[in-house]
Amino acid sequence: MTLLEDPPIGPASEDRPGGPALPPPPAGRRRIGGLQAATVRNLAGAVLAGASGSVLVALLTGLSGPFGLVIVGYLLFLVTYGVLVSLTEDRPAVKDAVMTVLMASTAVLAIGALAVVIFFTLARGWGALIHLNTYTQDLSAAGPTAPLTRGGIGHAIIGTLWMIGIAVVLTVPIGLVAAVYLDMTRSRPARGFRTVVEAMSALPSILAGLFIYALWILTLGNQHSGLAAALALSVMMLPYMIRASDLALRLVPGNLREASAALGAPSWRTELRVVIPTARSGLATAVILGVARGIGEASPVLLTAGYTPYVNGNPLHGPMASLPLVALKLVQSGSPGFTERAFAAASFLLLLVIILFVTARKVGGWGPGHLSQRGLRRVREASARDVARFARRQEAAEAALTPPPAALSPLDPPNLEHP
Amino acid sequence: MSTVTPDLGVTAVPPTPAGADERPRRQLVDAKAPAERAFLGLTRGGALAVLAVFALVGVFLAVKAEPALRVSKFSFLTTQAWQPDIHHFGIAGIMVDTILIAVVAVVIAVPVALGLSLFITEVAPASIRRTLVSLVDLMAAVPSVVYGLWALEFLQGRVVGVSRWLATWANWLPFFRVNGADPSNPVQSGTLYSASTFIVGIAVSLMVIPILCSVMRESFSQAPLGEREGAYALGGTRWGMIRTVVLPFGKGGIIGGTMLGLGRALGETIVVILIISPVYTINSHILQSGGNSISGLIANLYNESDALGTSALMAAGLALFALTLVVNFAASAVVARSRSGAESEG
């Protein structure tokens, strides 16, 4: 590189003296993003090769089952794609192309698996989901061979509502207080507390059930009940709530707190009047996701709630069913009729979770400090009231300062605004 | 201040009265209003209550486990059997089977989550990135009983073919061996390959992938922009940039996320009790029917145990508690060390 040379004005010309001969510029505009025609051609060819190759391997080695075919076909596809790209590109570009396809296919694999899980569950549960009695009746009168038009999972829906309701009432205040503690103090104990909460959020949920079983049922001598299950769910949900609330509070911009402190607010008022209202949508998301987490847990409920096919509207007495527990118990019974009902319970649960999840996304999509239309109007009205209040104070102050017009003296400063 | 000197010159040092050096340094006192103190006390109390609950979990398991541990003593850790009624029980076999399930799940989940999180942070156009993140989060929110039913009714029948194929062609690997497998018998029943650690591992890997993915995604997105642009400026391809910038910067996230996933996989209950046929000895043949996990053991046996049997289950629960706590503490330490700039300034 000859840096001392006078830089050419305008684009570098090819006949520049001293420089190496540059390759001619490509004709037309070069696309640097998106799918290109050659890539699509290569992919199509590789897919063909993979598909035909997997059939061949299946015939030769006796591989059975669709999974095996797909795996072999995919490997063949990958190799073929690499070879096809290497016909026109150099080694780093081939590597890049193959790795890009690998990354994309893991995404397809994971999302595809999720789709299969959801659609398979819904498809198997559909037969029972379309009957109204599934939601209104319990299983006390329906045996394994009863038609789907009789009996349902109403007892489990009621049980789930009780359990999750009690758990939310218990965990939301405690979780919020603990998250505020983490937010207000940056001390060593707070950091230790955060580590403990993170570790506890991965506590196996069955241990939450086992703990309540040991404490509430074995030691204190209570019966299996909805309350016991709610306590177990609370132990399990608490770390989730604290972690998610802590994250939501930490997203509040620091300069908002500083502004509040600069106006003379003590830290607790800053927390209550600035930080928590700003993080409201994040906190709501935390609660919803915690509920979605707790609603689907079967293992803490399994040890603490007992199981009953009857409706039990009292969480304090007697065994109580919940949706995940009913799904588990019914499928464990092994009879085809009950398996179908198990899938209905699982589908209903899945739909609940998806609804909660979509709500959480919608609420959480608003950044910290986001205002709804109504909230925005409220803030504007408050602001207008403040302006009016200031104007009134100003007027009052001026009225107090200004002497009555009768005592007008020549020393008064001239009124510049109204000459 | 009482020593105000009106003729204080620019260069003059004010005459200090004798003994001024011994004057105590002014203490900066953070005088909190009573309301402030009360609020701090309230939050601290809440945090302490949470800690107390967490501590109680461990304490109660330990207290309840004590009778069983007194009976079995050290053999609890070495015995491969579960017969509390004749005082012959231990978690050696179950613990190894638990770890096997978790390892199978993580071995499947790590490459998928790695590719998935790289795809989300580096490859996917911004328009589908948010959707992908939402879908992966939804994957974490799907109840485990749904995964369990799916694994039982959908996955199991389809994986048996793969298991048979692996056992036939890859049995030079000791853990792919299956006792009693007869490759020359094409109509051999599939039950030999069902209810296995491998099938549970696949289902659990689906639950672990979103955990791994979110930790990895966070660490990848923190790889500095300057180094990324530097790699491109040197003529690197996208994969070259990922290999030399994103992956080295995200190493802590990859390791920590993997350990978090391992901790989650160790405790999975529902899939285990739905799929696996429980054994109490070490079954290292992952394709072969039979396996167990501590959580599955607890869920299966809690209802039909006498006092000592329940105590033995508590001891098993305590072992699981200790194992997951160690794994999770280590994981969050690794993740925390790799994390930087977690706070935002608006």
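Scan the stretch A:354-406 for residues that are part of a loop (DSSP other than H, G, I, E, B) and either within 18 Å of residue A:287 (Cβ to Cβ) or at pLDDT 85 or above (or both) and report the count.
Here the count works out to 5.
Go through (1) surrounded by 17 or more Cβ atoms within 10 Å (Cβ to Cβ); (2) in contact with a helix residue (DSSP H, G or I) (Cβ under 7 Å, 6 or more places away or on another chain); (3) under 30 Å from residue B:176 (Cβ atoms) and name the single condition residue B:93 misses.
(2)
Specify the residue that is farthest from the other protein chains (Cβ to nearest Cβ); the eligible residues are those in the stretch A:49-108 that are among the charged types (D, E, K, R) and surrounded by 15 or more Cβ atoms within 10 Å (Cβ to Cβ). Talk me through it step by step, then tell me what you get.
We begin by selecting, within the stretch A:49-108, every residue among the charged types (D, E, K, R); these are A:89-91, A:95-96.
Next cut, surrounded by 15 or more Cβ atoms within 10 Å (Cβ to Cβ) only: A:89, A:95-96.
Working: A:89: 10, A:95: 6, A:96: 4 Å.
By that ranking, first place goes to A:89.
Which one of these is buried (at least 18 other Cβ atoms within 10 Å of the Cβ), under 30 Å from residue B:314 (Cα atoms) and hydroxyl-bearing (Ser, Thr, Tyr): B:277, B:293, B:284?
So the residue among B:277, B:293, B:284 that is buried (at least 18 other Cβ atoms within 10 Å of the Cβ), under 30 Å from residue B:314 (Cα atoms) and hydroxyl-bearing (Ser, Thr, Tyr) is B:293.
Does residue A:244 qualify as being crowded, with 22+ Cβ neighbours inside 10 Å and closer than 29 Å to residue B:309 by Cβ?
Criteria not met by residue A:244.
Of the conditions (1) at the interface with chain A (Cβ under 9 Å from one of its Cβ atoms); (2) aliphatic (A, V, I, L, M); (3) touching a Phe, Trp or Tyr at 6+ places or on another chain (Cβ under 9 Å), residue B:287 clears all except one; give me its number.
(1)
Would you check if there is a residue in the stretch A:259-278 being in contact (Cβ under 8 Å) with a residue 60 or more places away in the chain, more than 8 Å from every other protein chain (Cβ to nearest Cβ) and in contact with a Gly (Cβ under 8 Å, 6 or more places away or on another chain)?
Scanning the stretch A:259-278, I find at least one residue that is in contact (Cβ under 8 Å) with a residue 60 or more places away in the chain, more than 8 Å from every other protein chain (Cβ to nearest Cβ) and in contact with a Gly (Cβ under 8 Å, 6 or more places away or on another chain), so the answer is yes.
Restrict the check to the stretch A:45-62 and report whether at least one residue is under 26 Å from residue B:156 (Cβ atoms), small (Gly, Ala, Ser), over 34 Å from the mean Cα position of the chain (by Cα) and not in a helix (DSSP H, G or I).
yes
Give the residues of the stretch A:195-207 that are in a helix (DSSP H, G or I) and among the small types (Gly, Ala, Ser), sorted by residue number.
Result: A:199, A:205.
Could you please find all residues in the stretch B:137-159 being facing another protein chain (nearest Cβ under 7 Å), assigned to a helix (DSSP H, G or I) and of a type in the set (A, V, I, L, M, F, W, C)?
Selection gives B:138, B:139, B:141, B:145, B:146, B:149, B:150, B:152, B:154, B:159.
So which residues in the stretch B:59-70 are buried (at least 17 other Cβ atoms within 10 Å of the Cβ) and either within 11 Å of chain A (Cβ to nearest Cβ) or more than 23 Å from residue B:296 (Cβ to Cβ) (or both), if there are any at all?
Selection gives B:60, B:61, B:64, B:65.
Tell me whether the stretch B:240-256 contains one or more residues that are within 13 Å of another protein chain (Cβ to nearest Cβ), within 27 Å of residue B:77 (Cβ to Cβ) and buried (at least 19 other Cβ atoms within 10 Å of the Cβ). Outline the logic, then answer.
If we filter the stretch B:240-256 for residues that are within 13 Å of another protein chain (Cβ to nearest Cβ), which is where we start, we get B:240-244, B:246-247, B:256.
Filter once more, so that each one left must be within 27 Å of residue B:77 (Cβ to Cβ): none.
Within the stretch B:240-256, not a single residue is within 13 Å of another protein chain (Cβ to nearest Cβ), within 27 Å of residue B:77 (Cβ to Cβ) and buried (at least 19 other Cβ atoms within 10 Å of the Cβ).
Could you list, in sequence order, all residues of the stretch A:175-199 that are free of Cβ contacts under 8 Å to residues at least 24 places away in the same chain and under 21 Å from the mean Cα position of the chain (by Cα)?
The answer is A:199, and nothing else.
Out of the residues in the stretch B:277-325 meeting the condition of being within 22 Å of the chain's Cα centre (by Cα) and in a loop (DSSP other than H, G, I, E, B), tell me which one is farthest from residue A:194 (Cα to Cα).
B:286
To keep it simple, each residue is scored yes or no on (1) part of a helix (DSSP H, G or I); (2) surrounded by 17 or more Cβ atoms within 10 Å (Cβ to Cβ).
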| position | (1), (2) |
| --- | --- |
| A:209 | yes, yes |
| A:214 | yes, yes |
| A:221 | no, no |
| A:238 | yes, yes |
| A:258 | yes, no |
| A:265 | no, no |
| A:274 | yes, yes |
| A:282 | yes, yes |
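I'd like the full set of residues that are in a helix (DSSP H, G or I), of a type outside the set (A, V, I, L, M) and more than 7 Å from every other protein chain (Cβ to nearest Cβ), limited to the stretch B:112-136. Let's see the steps before the verdict.
Let us first name the residues in the stretch B:112-136 that are in a helix (DSSP H, G or I), namely B:112-123, B:126-136.
Filter again for of a type outside the set (A, V, I, L, M), leaving B:115, B:117, B:119, B:121-122, B:127, B:129-131, B:134.
Scanning the stretch B:112-136 gives B:117, B:121, B:122, B:127, B:129, B:130, B:131.
How many residues are in a helix (DSSP H, G or I), more than 7 Å from every other protein chain (Cβ to nearest Cβ) and either of a type in the set (Lys, Arg) or in contact with a His (Cβ under 6 Å, 6 or more places away or on another chain) (or both) if we restrict to the stretch B:32-58?
Matching residues across the stretch B:32-58 total 1.
Suppose we keep only residues that are farther than 17 Å from residue A:290 by Cβ and within 8 Å of another protein chain (Cβ to nearest Cβ) within the stretch A:154-189. Which one would you say is surrounded by the fewest Cβ atoms within 10 Å (Cβ to Cβ)?
A:185
Mind telling me which of the residues A:88, A:106, A:80, A:100 ends up being touching a residue at least 40 places away in the same chain (Cβ under 8 Å), among the hydroxyl-bearing types (Ser, Thr, Tyr) and not assigned by TED's automatic domain parsing to the domain that holds residue A:354?
That would be A:88, the only listed residue that is touching a residue at least 40 places away in the same chain (Cβ under 8 Å), among the hydroxyl-bearing types (Ser, Thr, Tyr) and not assigned by TED's automatic domain parsing to the domain that holds residue A:354.
I need the full set of residues from the stretch A:109-124 which are in contact (Cβ under 8 Å) with a residue 12 or more places away in the chain and more than 9 Å from chain B (Cβ to nearest Cβ), in order please.
Within the stretch A:109-124, A:122 is the sole residue that qualifies.
The values are calculated or read from the model by the stated rules, or taken from the named source; none is laboratory data. Keep in mind that this is a model prediction, so the values were computed, not measured. Note that we place each Cβ from the backbone using ideal geometry, even for glycine, and neighbour counts take in every protein chain shown.
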